[in-house]
Each structure stands twice: as structure tokens, then as C-alpha cells.
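Before any comments, here is the structure.
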Amino acid sequence: MKRVYFNHISSWTNGVLTISSIICSLIGEFELFSEPNIAWNKRIFTLGSILMVVFFARMVIGKYYVGWNKVGITIRIKFFLGKYFNFKDVKSTDLQNGILTVVKKDGNKIEFDLSEIEENDFERITEILIENTVSN
């Protein structure tokens with residue numbers, strides 16, 4: 001059984017990672033350290049770049065990823081490109097025989113085969129969907 005990586009995009013860890021990468025990049029770009037410590041500018045800029053790569057790499061690496069915030073959700077199961085949709089566009093969700101079907105208000109259906117992932121993970125996916133679509 002496969003595990004899904006969950007990433008609440010609005011979490012404090014993502015905020016700290018993003019803000020620290022921006023600060024490091026700005027410090028390195030504007031060369032705040034003077035002549036004897038000029039190597040530190042490059043190191044800090046490199047650190048900022050690495051932190052930004054880490055932030056985005058978590059969203060790209062792996063076939064099983066779910067990222068969400070209060071507006072929408074991205075679900076990537078078995079494919080490099082996932083499906084993104086807004087919570088306000090969801091009309092209903094249905095889970096039968098390991099297939100999660102999301103019906104949007106415009107009538108489009110999005111299906112995800114969750115049969116190969118662990119039971120706790122697909123329960124969490126449905127919990128996230130229900131929690132955020134009920135509040136709309």
C-alpha cells in the first residue's frame with residue numbers, strides 16, 4: 001500500500017520556509033555584508049534558493065500528493081500532473097470500491113483510484129473534502 005504526502009499549504013511550516021527563503025534571497029541579492037565578508041552574501045543567497053527549491057520540491061516529488069488550503073485542493077494520485085479544483089465548485093463526493101468521485105457544480109466528474117493507498121490516507125482525503133466543502 002502506498003502512502004500519500006499531505007501538505008496543508010497554509011500551515012506555519014510552509015510560511016516559515018517561504019519567508020526565510022525570501023529573506024535570505026534578498027539579503028544575498030542586495031549584498032548587506034561588506035567587503036571582508038562578501039562570501040557570506042553568496043552563501044545566504046544560495047541558502048535562500050535551496051529553501052525555495054525544498055518548498056516546491058515537496059509538491060512535485062512523488063506520485064501521491066495532496067495539497068490544500070481554504071480555497072482549493074490539488075490531488076495527485078499515480079500521475080505527475082494532478083487535478084486541482086476549488087472547494088466552492090464541489091457539488092458532491094462519493095467513495096465506492098476505492099474510487100473517489102468528485103462531482104463539480106458544472107456536472108464534470110473527477111475520479112481518483114484510491115485502491116492502492118492506505119486506508120488512513122483515503123479517509124483523510126475524504127475528511128479534508130467534506131470538511132472544506134461543507135463550510136461553503
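Summed over the stretch 61-80, the residues that are surrounded by fewer than 16 Cβ atoms within 10 Å (Cβ to Cβ), of a type outside the set (Lys, Arg) and at negative phi give a count of 5. Against the numbered list (1) of a type outside the set (D, E, K, R); (2) farther than 13 Å from Tyr5 by Cβ; (3) not in a helix (DSSP H, G or I), Ile75 comes up short only at (2). The residue that is farthest from His8 (Cα to Cα), counting only those in the stretch 104-136 that are surrounded by fewer than 16 Cβ atoms within 10 Å (Cβ to Cβ) and among the aliphatic types (A, V, I, L, M), is Ile110.
Applying a threshold of 7 Å to beta carbon distances and a minimum spacing of six or more residues, or different chains, the list of pairs starting in the stretch 58-74 at a residue that is farther than 16 Å from Arg124 by Cβ and ending at one that is in a loop (DSSP other than H, G, I, E, B) reads Lys63/Lys78; Lys63/Phe79; Lys70/Ser10.
For residues in the stretch 8-43 being out of contact with any Gly (no Cβ under 9 Å at 6 or more places or on another chain), among the β-branched types (Val, Ile, Thr) and closer than 26 Å to Met59 by Cα, which is surrounded by the most Cβ atoms within 10 Å (Cβ to Cβ)? So the residue we want is Thr18.
Can you name the residue in the stretch 62-88 that is of a type in the set (Val, Ile, Thr) and at pLDDT 90 or above and, of all such residues, is farthest from Glu118 (Cα to Cα)? So the residue we want is Val71.
Do we find that Leu17 is in contact with a helix residue (DSSP H, G or I) (Cβ under 9 Å, 6 or more places away or on another chain), in a loop (DSSP other than H, G, I, E, B), on the phi < 0 side of the Ramachandran plot and hydrophobic (A, V, I, L, M, F, W, C) in this structure? Taking the combined requirement at face value, the residue does not satisfy it. Collect the residues in the stretch 81-93 that are surrounded by fewer than 14 Cβ atoms within 10 Å (Cβ to Cβ) and either under 22 Å from Lys63 (Cα atoms) or not assigned by TED's automatic domain parsing to the domain that holds Glu116 (or both), keeping them in residue-number order. Across the stretch 81-93, the qualifying residues are Leu81, Tyr84.
The values are calculated or read from the model by the stated rules, or taken from the named source; none is laboratory data. This one's a predicted model, so the numbers in the text were calculated from it and none came from an experiment. Here Cβ is always computed from backbone atoms with ideal geometry, including for glycine, and neighbour counts include all displayed protein chains.
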